[in-house]
Amino acid sequence: MPTEECPLSENEFTSAIEMLRRIVPDDEPDWIQPAGPATVYTTMVTLWMLTLQRLGGGKSLNEVVKDVLSHSRGLLPKNKRVQEGSLSENSGAYSEARKRLPVATVEFFANQVCDSLIGVSEPWFDGRRAFIIDGTTITLAPTDELKAAFPPATNQHGETVWPVAMLMVAHELQSGCALPPEIGAMYGEHNTSEAKLAREIVKHIPRGSIVLADSGFGIFSVAYYAIHGGQNILYRLTKSRFKSLRRKATLVEETELTSMYKLTWTPTAKDRQTNPELPKDAALEVILHEVPIEGDTLYLVTTLQVPSMQAGEFYSCRYDVEHDIRDIKVTLDTENIRAKSVDMVKKELLTSMVAYNLVVQFRRQAAKLANLPPRRLSFTGVWTTFKSFLLHQPPCSAADWRTRFDAALKIAARDKLPNRPGRSYPRRAHPRRSKSTKFMKLESKHPKSADDPPPGKPK
């Protein structure tokens, strides 16, 4: 961090924390959740450190406390223990600060960062931004509280070990910037569905945007709530649903390769059964497209007034969200959040999105320097440069920080992905990664009761 003697000027834009300070003023979260005058881990400091944990690829509490005390004391408030250097490096105080931080405050923080970064995005088509929505899952620590909130999957042998949470994400198409996700149970009596979570997340997408989604979302209810929320849609349909809708549609244009239809889309009896809140006169004016792709046919429903081939080209961008999910879950290791309570899982997930968005913003700046679209730069490469140059570096003058930041941008601008036009990547599952055995080892050392032997031993 810059030293107090050489503070950054108003126009300079350097480290991750300086980026956050420009987006969210220091006093806003502290005003929402005030702390005592002697508090070291204030609301804003705790939010910063949660974000730094994920920027470091999932650092432990001890690691992030030692990093801050070694390299980033400028983060901490003016406090006698900080100034004397007598503040303990034990993570206990930071752990308690994380626990007392309200989820609502973290949501405010994550939304402020997201809104600020999305607000500077350039329009994608016809003056409108585009967002891609998709669902994914993460496994959580096998604690009783998390198992109750996010029940594990079951099979013929009974209940499995890991609680499973379903996430619904929405990413801005051009930059990859992510909205805070919606979260729900994948299994159990009170499980949710992708359709229900999609209805919630489109409420947070800026009005007038274009929403892209796979065939799992190509159903009436998801389209209805997006369109009535002020969005435009471009969804894929399953072949069977397209054929059913086509029978009620009017052919508008047909070429040797493509077909376009107009349709007044109304809910089926099943749609009304699963969504009883739909109005009696619910109907959508949409366009259907039938577009050939390599060895297959693409079936689309949209509110955009574009030719069929252009609709197909637009939809081809949808796969970008798969890479965004991988960057969040694998590169930043968010899939291995091991918080033990529901609230702490939500806090870590929200600040993980803040960390991801900061890297995306840095990538966007590097791409501008390279005169490239942001997605042509490797997220992993840019993140590696971000960590090496801007995270936990020794204090220096503002001029040195400016030099360091400019050097980081130049290096990140060279992290180009190969340009391979014409390649087609069919949807596939990425390999599952092994989970930690830490909790099994802990349980084997500390059985729940005398009648409950360690895992692996017969009762």
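Things worth noting here:
- In the set (1) touching a residue at least 40 places away in the same chain (Cβ under 8 Å); (2) under 30 Å from Pro123 (Cα atoms); (3) part of a loop (DSSP other than H, G, I, E, B), Gly230 fails one condition alone, (1).
- Cβ-Cβ contacts under 7 Å between residues 6 or more apart (or on different chains), taken from a first residue in the stretch 105-131 that is within 23 Å of Lys368 (Cβ to Cβ) and in the same structural domain as Arg207 (by TED's automatic domain parsing) to a second residue that is among the charged types (D, E, K, R) and not in a loop (DSSP other than H, G, I, E, B), are listed as Ile118/Glu172; Ser121/Glu172; Arg129/Glu172; Phe131/Glu172.
- Under the condition of being free of Cβ contacts under 8 Å to residues at least 24 places away in the same chain and farther than 19 Å from Leu257 by Cβ, the residues counted in the stretch 303-332 number 1.
- Those residues of the stretch 64-99 which are among the charged types (D, E, K, R) and at pLDDT below 90, in sequence order: Lys66, Asp67, Arg73, Lys78, Lys80, Arg81, Glu84, Glu89
- Matching residues in the stretch 139-156 - criterion: being hydroxyl-bearing (Ser, Thr, Tyr) and within 16 Å of Leu167 (Cβ to Cβ): Thr139
- The set of residues in the stretch 168-192 being closer than 14 Å to Ile328 by Cβ and either among the aromatic types (Phe, Trp, Tyr) or surrounded by fewer than 22 Cβ atoms within 10 Å (Cβ to Cβ) (or both) consists of Ile183 alone.
- Tallying residues that are in a strand (DSSP E or B) and over 23 Å from Val211 (Cα atoms) within the stretch 233-255 yields 5.
- Checked against (1) under 24 Å from Thr334 (Cα atoms); (2) surrounded by fewer than 18 Cβ atoms within 10 Å (Cβ to Cβ), Pro206 passes all but condition (1).
- Residue match in the stretch 255-275 (condition: at pLDDT below 95, within 23 Å of Leu167 (Cα to Cα) and either of a type in the set (Phe, Trp, Tyr) or crowded, with 18+ Cβ neighbours inside 10 Å (or both)): yes
- Tabulated pairs, the stretch 256-280, first in the same structural domain as Arg241 (by TED's automatic domain parsing) and part of a strand (DSSP E or B), second of a type in the set (S, T, N, Q) and surrounded by 17 or more Cβ atoms within 10 Å (Cβ to Cβ), C-beta under 6 angstrom, 6+ apart or interchain: Met260/Ser308
- Residue within the stretch 368-381 that is under 24 Å from Pro142 (Cβ atoms) and either in a helix (DSSP H, G or I) or touching a Lys or Arg at 6+ places or on another chain (Cβ under 9 Å) (or both) present: no
The values are calculated or read from the model by the stated rules, or taken from the named source; none is laboratory data. Just so we're clear, the structure is a prediction, and the values are computed from it rather than from any experiment. No Cβ is skipped: glycine too gets one built from the backbone with ideal geometry, and neighbour counts run over all protein chains shown.
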